[in-house]
Structures are given as C-alpha cells and as structure tokens.
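Scroll down for the structure; my scribbles are underneath it.
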Amino acid sequence: MNKFMEMLENVLMPIADKLNNNRYLTALRNGFMVALPLIIFGSIFVVIANLPFLDQVLSEDAYAAYQSALGPASAATLSIMGLFVMIGIGYKMVEGRGGEAIYGGVVALASFLILTPQVVEGVGGVIPTGSLGAQGMFLGIFTAFISAELYQYFVSKDLTIKMPEGVPSAVSRSFSALIPMTLTLSFFLVIRLLFSFTSFETVQNFIYTIIQQPLTALGSGLPATLLAVLLIQIFWFFGLHGQIIVNSVFDPIWYSLNDQNLAAYQAGEELPHVVTKQFIDTFIVGIGGSGMTLAVIIAIMVVAKSRQMREMGKLGGPPGLFNVNEPVIFGLPIIMNPLVLIPWLLAPVVVAAVTYFAMSTGFAPKPAGVIVPWTTPPLLSGYLATGNNIMGSVMQLISMAIVFVIWLPFIKLLDKQYYGEELKAQKD
Amino acid sequence: MVNILLACSSGMSTSLLVSKMEAEAEERGMEATIWAVAQDKAAVDMKKADILLIGPQMRFMKKKLQVVADEEGIPLDVINPVDYGRVNGKAVFETALELIEKNKK
C-alpha cells in the first residue's frame, strides 16, 4: 500500500507543480484575483436588487425603478468581469517577466478592444458590453497572454527609443513603451483585418465558436464536472491543495458559464446552466471546505467516543463553518489514510451528481450567477448563490445529510480504533 | 525578535496557526511577529521575514519559493502535516526557532 501511495504521489507532485507554477496559469489565477473584489461588489448589489418579497411590497413601477437604480453596480463590474480579468492577466504577465506591469495591463486591454467589434446593430462607436463579459472571456484571456508576451518580447529586444541622459526617467519610460506598444497593437490590428475576410468575420466570433463554446459545453456537462470534483479529492488525499490546482484549468469555463446565468437571471429568463463557478464553490466545496467536511465534523460530534476524535471535532468545527478545513484534512487525518479513502472520494461525487439532477429537474434552483465569497458559511451561501432562494439552502442541507450518511460507518470504524488505542494506553 | 512568515493558498488556514504560535511566543516572553499570507504574496513578504513556513498542501510551491529564500538567505520549510492538522502552534514555533538558529550558524 505504501509503495503504491509513494508512486502516486510521485506522479501527482509534478502535475501540481506544473499547473501551479506555470506562468500562464499563474497569471490567469492572479487575473481572476484582481477581478474578484469587483465581482463580489457586483454580486452584493444583485442580491440587494433581488431581495425577496420586495416585488410584492412595492408597486410594479417602484420595483422597476429600484432595480434600475441599483443596476449599474453589477453592470459595471460583474457583467463585464472579462475586462478586469484581462487587465489583471496582462499586468501579472509583464510583472512576471520583470517588466513595467501597468503597460502589460493596458496593452492587453487595447489589444482586446482592437479585436472587439465596435458596432451594434448598425450603430457605430459603441462597445457591446456582452463581449466584455462571458462572451469575450476566452478571447480576453488569450489576447492578454499574447499581447503581454509580445509587448515584453519587443521590450527585451531593446526596440526602444533611447533618451539622452538628463531626461527625467518618467519621460524616457513613456517613450520606451512606445515602439513595443505600437508593434503589439499593430499585430492585433492585422489579425482583426485578416479575420474580417473569413466567414467568422470577427476574432471574437472565431474564438467563441471554435474554442469557447465547445469547451464550455464540455465543462457544463456532468462527466467533466464529476471528473473535476474527483481530481480535487485525489489531490487533497495526497495533501495537495486540490482546488487551486483544478481551478486554474476550470475557472475560465466556470466563470463564463456563471456570467451566462447571471445575464439570464437579470433578464428574468430561464437559467441556462447548472454547472457554474458557484455550483462548485457553493454546492460542493462550500459545504465545509473540500470534501464537504462540515458534515464529517457533525458525524464525529454525534458518534465519536475517542478523545482524539472529539478534540478534532472541536478544533475543526469553527473554521469549518467558514469552509476552512485543513485541520480536519491533516488532523483526522484524511491525507494518506486508506481507512477514509472511500467516503472521501465518494461523497462529493455523489453530492455533485445528486445536486446536478436536483437542479436540472427544477427541484432545486440553479445558481443565479451571483458570486458568493468562498468563506461564506453553508446554508447562507446556498441562499445567496441561487438569487435569494431558500431552496438553495435546502439543497445544501440535503447534501450534508448525504455526506453524513456516507461517512458515518467510517467515522465509527476510525473512532473504534482510536478509542481502543486510548483505552490500551490508559491501562498501560 | 523573530519574524515568522507562514504561507498557504490564501493565507486562511495558516492564519489559524498564527494565533496559536503567538500565544506560544507570549508564554515564552519572546517578541515575535508572526503573519500568514497567500502564496502569491510570499515572495515579497519574505524580505521582512527570518523564516518562511509553508502549509503542507502547498508543498509543490517549495521549489519555486526556495529560490527566493536562498536569495534572501532565510530558511524555508514545509510545516509538518500532523502539527498542521492539530494546529500545534507550540511545535511549529519550536521548529521555526530551531531552523532560524541553525541558519545563523
């Protein structure tokens, strides 16, 4: 068993290392981090704009006025999050190469806007906000990668205008960016022109049709989702941070699915997707942390007799309420513990499948596209993530019950072992 | 006066450890600055630290951060998983002191 574990760890460590330290994935993750405060600001106002019962208390006109007064809060942040993500990526990419980061941010933004159609239904001089949100997410990410790399490449080739000594450094800096910027942006202008001769007409359309749509279709399906959930659990079993590794691949997909749900939610239409960022963050990981260990702690508190287990429950309970569960993972321990491997892998996968079917059939509401911070306690998070729907909390409660039942026999087994050891130690 | 930096994915779970380690430092009557950061901030904060300890779940970051730690001339270690799980501030604090001491020699 130990040999086998060692072998697996030797396979997983390099994967974790590669995924986490890859410069593009690091920039991507940091790009989302830059956008996160804005996303959460927008989410808060979606929640406030859709408070329950308000539509019954207020007159129809007053309710519409109330909603449109709060509208800009999310329209300027959450709905166009792709914009902030790509600025963040460009910034972090150039920063990572040791260049002047702010130029990375603006070159990414400008390159993206060059590729973006600036006509809506015949009206010129406008930028469709849809392309700055979910629809343009993938193009934005690729553009940010390429533009930042190109820009920094040109800078490193010293294609800069050298200023004579004595020129203030700020002045010479502004010129040093000029040639790399010009070359990079011209490159994207050419790309735009080339695409205008194809049947796709715009790069936006090309990336959306060829890459984004197939990927999100795959990512919104149950098989890919179960695989992602299982991978998170496997990494954690070896004591490696599963989400941070899996998220760096899945986040672009999950976030763009999320944005499509938000757009539908705000338009009062049927929500298109079950699997979104919030499906994972609120309905799987967000029930006590990875592996949904809040229900495990409850099981411990209910049945455990050994001192070691009860201590663990007390220690893991309070942080577990906020989805921080490293004490349980390393303390129970879950890592490398063959006794709990089965419930550890099984419970989240079962919950993911049950939640998926419950949401598809309409028993439980789908995530409304509101981003709830991952440290929000369960039940509250389910309520908020589904657009103030109590059935979201009910769904989380059902999931906790499932985890509880799956884990209970294994907790008893583990407890029996610890309790026996403790009794023996006392006798000795 | 010791400066101990802890890092994990977002600085949440290591911050659990921080308060336990501070309590241990106080008990010993030692002056210590102990703080937890997200992994991305670790490289910058290392400039102010005498040691960096990373959460075991982020041990795949070690190789990358070791480069920075060597530049700064401070020791780096992965926190023992058992101590991490039990939030054993005392043990982690002791290890930190030992490593700082060893580094001085």
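Remarks
- Rounded to the nearest 20, the size of the Cβ-charge dipole of region B:40-105 about its Cα centre is 120 debye, with Lys and Arg at +1 and Asp and Glu at -1.
- Residue of A:ALA108, A:ALA358, A:ALA62 that the Gaussian network model of chain A assigns the largest fluctuation, springs spanning Cα pairs under 10 Å: A:ALA62
- Order of B:SER9, A:SER360, A:SER290 under a 10 Å beta carbon neighbour criterion, fewest first: A:SER360, B:SER9, A:SER290
- Straight-distance candidates among the aspartates and glutamates for linking to B:LYS64, with alpha-carbon spacing under 20 Å and chain neighbours fewer than 8 residues away dropped: A:GLU9, A:ASP17, A:GLU95, B:ASP40, B:ASP45, B:ASP50, B:GLU72, B:ASP77.
- Partner shielding of A:11-21 amounts to 3, given as the average count of beta-carbon atoms from other chains within 10 Å of each residue beta-carbon.
- Between region A:296-349 and region B:26-56, the Cα center-to-center distance that results, in Å: 27 Å
- Only the Cβ atoms of Lys and Arg (+1) and of Asp and Glu (-1) were treated as charged; on that basis the dipole of the protein assembly as shown about its Cα centre amounts to roughly 900 debye.
- Intensity falloff of chain B expressed as log10 I(q)/I(0), Debye formula with alpha-carbon point scatterers, at q = 0.11, 0.18 Å⁻¹: -0.27, -0.76
- Chymotrypsin sites (Phe, Trp or Tyr not before Pro) lying in DSSP loop within region A:34-134, provided at most 14 other Cβ fall within 10 Å: A:PHE53
- Extreme residue, positive dipole direction of region A:23-215, given options A:LEU178, A:TYR153, A:ILE211 (C-beta unit charges): A:TYR153
- For the pair region A:397-428 and region A:113-144, the centres of their Cα atoms are 55 angstrom apart.
- With 27 Å as the limit, the listed pairs A:LYS314/A:LYS366; A:LYS427/B:LYS20; A:LYS18/A:LYS277 have A:LYS314/A:LYS366; A:LYS427/B:LYS20 beyond it between alpha carbons.
- Positive-end ranking of B:MET61, B:SER15, B:ALA38 along the dipole of region B:2-104, with charges on Cβ about the Cα centre, is headed by B:MET61.
- Cβ charges +1 (Lys, Arg) and -1 (Asp, Glu), total dipole of region A:228-427, debye: 800 debye
- For chain A, the longest principal axis of the C-alpha atoms and the axis of helix A:23-49 are separated by about 80°.
- Ellipsoid semi-axes in whole angstrom, largest first, where each is sqrt(5λ) of the Cα gyration tensor of the protein assembly as shown: 42, 33, 20
- This ranking places B:THR14, A:THR361 by how few other beta-carbon atoms lie within 10 Å of each, fewest first, which gives A:THR361, B:THR14.
- Cβ-based charge dipole, the protein assembly as shown, positive-most Cα from B:GLY73, A:PHE363, A:ILE390: B:GLY73
- Once both labels are positioned 7 Å from their Cα atoms along Cα-to-Cβ, the gap between A:VAL11 and A:GLU60 label points is 6.1 nm.
Each value in this text was obtained by applying a stated rule to the coordinates, not by laboratory testing. Treat the numbers as computed from the prediction; the structure is a model and nothing was measured. For neighbour counting, all protein chains shown are included, and Cβ atoms are generated from backbone atoms with ideal geometry for every residue, glycine included.
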